[in-house]
Each structure stands twice: as structure tokens, then as C-alpha cells.
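First up is the structure itself, then whatever we jot down about it.
The values are calculated or read from the model by the stated rules, or taken from the named source; none is laboratory data. This is a predicted model, so every value here is computed, not measured. Glycine also receives a Cβ, built like all others from the backbone with ideal geometry; neighbour counts cover every protein chain displayed.
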Amino acid sequence: MTTATLLLKGGVLPDGKTADIAISGETILAVQPAIGMEAAEVIDISGHLVSPPFVDPHFHMDATLSYGQPRINRSGTLLEGIGLWGELKPLQGEEEIEARALAYCDWAVSMGLLAIRSHVDTSDEHGLKGVRALLSVREKVKDYLDLQLVAFPQDGFYRSPTARDCTIRALDLGVDIVGGIPHFERTMADGRRSVTELCEIAAERGLMVDMHCDETDDPQSRHIEQLACETQRLGLQGRVAGSHLTSMHSMDNYYVSKLLPLIAEAGVAAIPNPLINITLQGRHDTYPRRRGMTRVPEMLNHGIRVGFGQDCVLDPWYSLGTADMLDVAFMGLHVAQMTSPADMRRCFDMVTQTSAAIMGLDDPGLAPGKRASLVVLDAGDPVEAIRLRADRLLVVSHGKVVARRAQTETALALPGRPANVSRRFQVRG
């Protein structure tokens with residue numbers, strides 16, 4: 001008889017079915033209603049949601065946990081954040097960057113976040129400190145967390161005189177993905193030219209592309225159009241993502257009706273970042289004030305893959321954050337007005353399976369033969385998990401339990417009422 005190393009009993013799958021999950025080593029052996037095999041460890045998870053790991057397809061790990069250094073972003077704008085980051089870069093060393101990144105990875109794992117795509121600044125020699133630090137972090141966490149790195153010329157591929165050379169050096173050092181920021185170049189023409197050259201570099205090296213595109217309120221910022229065009233020209237379909245795309249919030253509807261089919265035809269994915277997009281955009285408006293998140297429901301209706309990203313936690317751009325992708329999904333569904341049961345479940349997928357697919361990760365999933373990485377949540381289904389931002393009771397990575405949390409209970413003792421103990425006031429149908 002086959003023996004499992006870990007057997008989870010009675011979990012609720014995202015589709016509502018109840019199943020046991022048997023794990024051997026780093027692999028899921030079986031997912032069935034009742035598994036009778038012996039196991040080195042058996043854990044009863046009856047009634048709790050079992051999910052694939054949470055996935056963050058857009059983050060900046062070289063800056064995370066640096067909030068307040070050397071000062072605070074007073075205006076709350078994207079541009080002041082970029083300027084503040086420029087002040088911080090020469091002040092920090094590789095060891096500091098690595099220590100902060102490792103601390104964030106620990107935090108992420110505790111929240112069931114087991115795959116992260118992080119952009120790392122490649123604008124200058126100061127940025128390359130971050131490259132070297134995060135390459136070291138990637139190696140140290142590889143046994144329990146998938147960390148992808150994007151070569152990101154934060155100060156502009158052409159605007160910064162050293163960015164082109166440093167970006168190439170970062171890729172030579174082993175950074176995984178080609179990034180860019182065309183809307184931050186000096187001119188619209190330079191932005192278009194940067195998209196073309198960066199996509200050509202990716203095609204020559206067989207790499208993926210993930211570009212900050214049109215992270216602005218300007219409806220004339222249309223580099224996503226160029227990115228889709230270059231994707232088709234160079235045969236990069238399925239390997240390219242446009243991050244943010246906030247200008248689409250302000251674009252003319254007729255132009256968007258042309259743009260969305262082009263993005264879909266090119267197989268370009270979209271990565272909005274709800275928490276940050278609605279915080280940084282619209283800062284120059286009075287009222288009505290734009291919130292800047294891109295057109296998520298419309299993209300989904302065109303068959304475009306959309307994954308929600310966290311983007312920032314306690315850094316020059318964002319003063320909050322908890323490494324909780326359920327917070328991201330919660331905000332995303334509100335801003336996108338995706339409140340039907342089907343849409344809310346889709347938002348859950350956008351911080352798990354869909355984002356994993358955008359990152360090119362084949363292993364996550366609750367099926368025999370898949371990598372044994374999963375999360376057990378104190379919720380009965382994906383919608384309840386988002387509503388409660390449910391506690392992670394158990395996190396399993398590569399077949400090993402890497403985090404446990406006791407179930408939360410609240411005891412009520414109200415005058416004239418019987419004592420009551422409630423598990424975070426869940427409402428189960």
C-alpha cells in the first residue's frame with residue numbers, strides 16, 4: 001500500500017466538493033472524497049477551504065519595508081515616490097535590501113503567498129545592488145517560494161544614461177524577465193522606441209516581458225498598443241504582460257473598443273494593482289476624482305488574462321500593506337464592481353491560478369501529479385475567504401507544512417443574551 005507523508009482530511013475544494021488530499025514528498029498523490037492510505041502525518045481540515053497558493057504577479061521587493069527612509073512621500077504621488085526611491089538607493093546596501101526582502105518573504109509565506117514576481121531597479125549601479133541582493137534571496141527561498149525577477153529600468157530605459165547597460169547586465173546575471181517603463185521616458189516617441197527594443201531583447205534571449213505600461217492618468221499614454229504590436233511582430237504571444245494600464249481608465253471609449261481586441265489577439269496579459277492604482281492615480285483631480293484602475297471586466301469579456309498584483313508594501317509609494325492577496329482581491333472586486341458570485345470567484349482566481357498562469361508556473365493546482373503547495377483557509381468557499389480575508393490555518397509548500405495558525409474565535413457575553421462563541425461570524429449556507 002502507498003504511504004503518504006501528509007494526509008489532509010475533509011477539505012473543501014474551491015468548486016465546493018469535499019475531498020481528502022494525500023501528499024508524498026513534494027507531489028500530490030490523490031484528491032478523493034475518502035482516502036484510506038496511511039500517512040506520516042494526518043491533519044483534519046474538515047469544513048475549511050483548500051486553495052492553490054496565493055500568487056503575486058507584480059511586486060517591488062527591492063523597496064519593500066523601507067517606508068520612511070529617508071523621508072515620507074508627502075504628496076502621495078507616483079512621481080514623488082520615484083524621486084524618493086532615487087534618494088534612498090545610494091543610501092542602502094545589498095545586505096539591507098536582502099534582509100528586508102527575506103523578512104517580506106517570511107511574511108508572504110505566512111499568508112500563503114508562495115509565488116511572487118518582483119521588479120528590480122536596473123537604472124544604475126545603485127539599482128544593481130538590488131539585483132544582486134534579490135538574486136541571493138531567490139536562491140535562499142527557492143525551496144519554498146517561487147521568486148521571479150524582472151529587470152526594471154525604473155528611471156527610464158533611455159532617460160537614465162546607464163539604464164540600458166545596467167538592464168543588459170542584470171539579464172546576464174540571471175534576472176528572469178525583461179521590464180520597462182515607456183511612459184516615464186522623455187517623449188512618447190522614446191517610450192514607443194523603448195518598448196520595441198526591450199521586446200527585441202526578450203525575443204533574442206527567449207525571455208518573458210512584463211512592462212509597466214501607461215501608469216498615468218493621461219488618456220493619450222498608449223504604450224500598451226505598441227506592446228501588443230511588438231508581441232505579435234516578434235512571436236511573443238503568451239509571454240508578455242502589461243502592468244498597471246491605468247491610462248485606460250481615462251481613454252476614449254471608441255479607442256478602447258479597438259484596443260481591447262488587439263490586446264486579446266496578441267495574447268498579452270494584464271496585471272492591475274488595485275490597492276496602489278487607486279491610491280496613486282487621480283492625485284491631480286478635484287472632483288469627480290478618477291481612481292485609475294484599468295478596465296478589468298471589459299478585459300475579461302474579451303478573453304484577456306487578468307491577474308491582480310500587490311505592487312507595494314511599506315515603501316516610497318505605499319504606506320500600508322500586509323502581503324495578503326485577499327486584501328488585493330477584496331479591493332479589486334470593489335473598484336471593478338465585480339460583485340456577482342461568479343465575478344467574486346473570478347477575483348479569487350486572479351490572485352491564485354490566473355496569476356500563476358501569467359507567470360508561466362505550471363505546478364500549482366489541486367490535482368494528482370501537481371506540486372504539493374496549498375493553503376487551508378478559515379472559510380467555506382472562495383467568496384467567504386475574500387469577504388473575511390480569512391485566516392490561513394495551514395500553509396503547505398513543496399509538501400512541507402511551513403505555517404500554522406490557530407482558528408480565530410470571538411466569545412460574546414452580552415447583557416440579557418446567552419453566551420456565544422463565533423468563528424469570525426461566518427455565514428455558511
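The figures follow:
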| item | result |
| --- | --- |
| Filtered residue count, the range 350-388, keeping only those that are closer than 13 Å to Gly112 by Cβ and surrounded by fewer than 18 Cβ atoms within 10 Å (Cβ to Cβ) | 0 |
| Yes/no for Asp155 being under 18 Å from His60 (Cα atoms), in the same structural domain as Leu236 (by TED's automatic domain parsing) and part of a loop (DSSP other than H, G, I, E, B) | yes |
| Some residue of the range 372-383 being on the phi < 0 side of the Ramachandran plot, in contact with a Lys or Arg (Cβ under 8 Å, 6 or more places away or on another chain) and assigned by TED's automatic domain parsing to the domain that holds Val240 | no |
| Residue match in the range 316-325 (condition: in contact with a strand residue (DSSP E or B) (Cβ under 6 Å, 6 or more places away or on another chain), assigned by TED's automatic domain parsing to the domain that holds Thr216 and under 28 Å from Glu265 (Cβ atoms)) | no |
| Options Gln154, Gln148; residue that is in contact with a Gly (Cβ under 9 Å, 6 or more places away or on another chain) and surrounded by fewer than 24 Cβ atoms within 10 Å (Cβ to Cβ) | Gln148 |
| The range 42-96 - residue that is in contact with a Ser or Thr (Cβ under 9 Å, 6 or more places away or on another chain) and free of Cβ contacts under 8 Å to residues at least 60 places away in the same chain and, of those, surrounded by the most Cβ atoms within 10 Å (Cβ to Cβ) | Lys89 |
| Checklist (1) surrounded by fewer than 20 Cβ atoms within 10 Å (Cβ to Cβ); (2) farther than 22 Å from Leu227 by Cβ applied to Arg164, failing item | (2) |
| Long-range neighbours under 7 Å by Cβ, at least six apart or interchain, first residue under 17 Å from Leu227 (Cα atoms) within the range 242-254, second in a strand (DSSP E or B) and of a type in the set (Val, Ile, Thr) | Ser243/Ile271 |
| Criterion: under 15 Å from the mean Cα position of the chain (by Cα) and either of a type outside the set (Lys, Arg) or closer than 17 Å to Lys17 by Cβ (or both) - qualifying residue of Gly360, Gly380, Gly399 | Gly360 |
| Options Asp315, Asp363, Asp311, Asp324; residue that is free of Cβ contacts under 8 Å to residues at least 12 places away in the same chain and within 27 Å of Asp62 (Cβ to Cβ) | Asp363 |
| Strands (runs of 3 or more DSSP E) (entirely within the range 4-73) containing at least 3 residues that are among the aliphatic types (A, V, I, L, M), assigned by TED's automatic domain parsing to the domain that holds Trp85 and modelled with pLDDT under 95 | none |
| Output for the range 98-143, where each listed residue is among the β-branched types (Val, Ile, Thr), outside any loop (DSSP other than H, G, I, E, B) and touching a residue at least 40 places away in the same chain (Cβ under 8 Å) | Val109, Ile116, Val120, Val131, Val137 |
| Qualifying residues in the range 44-70 (those that are among the hydrophobic types (A, V, I, L, M, F, W, C) and in contact with a helix residue (DSSP H, G or I) (Cβ under 9 Å, 6 or more places away or on another chain)) - the one farthest from Leu275 (Cα to Cα) | Leu49 |
| Looking only at the range 182-193, and only at residues there that are in contact with a Lys or Arg (Cβ under 9 Å, 6 or more places away or on another chain) and under 21 Å from Pro57 (Cβ atoms), the one that is modelled with the highest pLDDT | Pro182 |
| Qualifying residue in the range 410-429 (condition: buried (at least 18 other Cβ atoms within 10 Å of the Cβ), over 25 Å from Ile28 (Cβ atoms) and among the aromatic types (Phe, Trp, Tyr)) | no |
| Scope the range 167-188; condition buried (at least 16 other Cβ atoms within 10 Å of the Cβ) and farther than 20 Å from Gln226 by Cα; matching residues | Thr167, Arg169, Ala170, Leu171, Val175, Asp176 |
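For (1) over 21 Å from the mean Cα position of the chain (by Cα); (2) charged (D, E, K, R); (3) not in a strand (DSSP E or B), each residue gets a yes or a no:
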| position | (1), (2), (3) |
| --- | --- |
| Leu320 | no, no, yes |
| Ala329 | no, no, yes |
| Gln337 | no, no, yes |
| Thr354 | no, no, yes |
| Val375 | no, no, no |
| Glu384 | no, yes, yes |
| Gln407 | yes, no, yes |
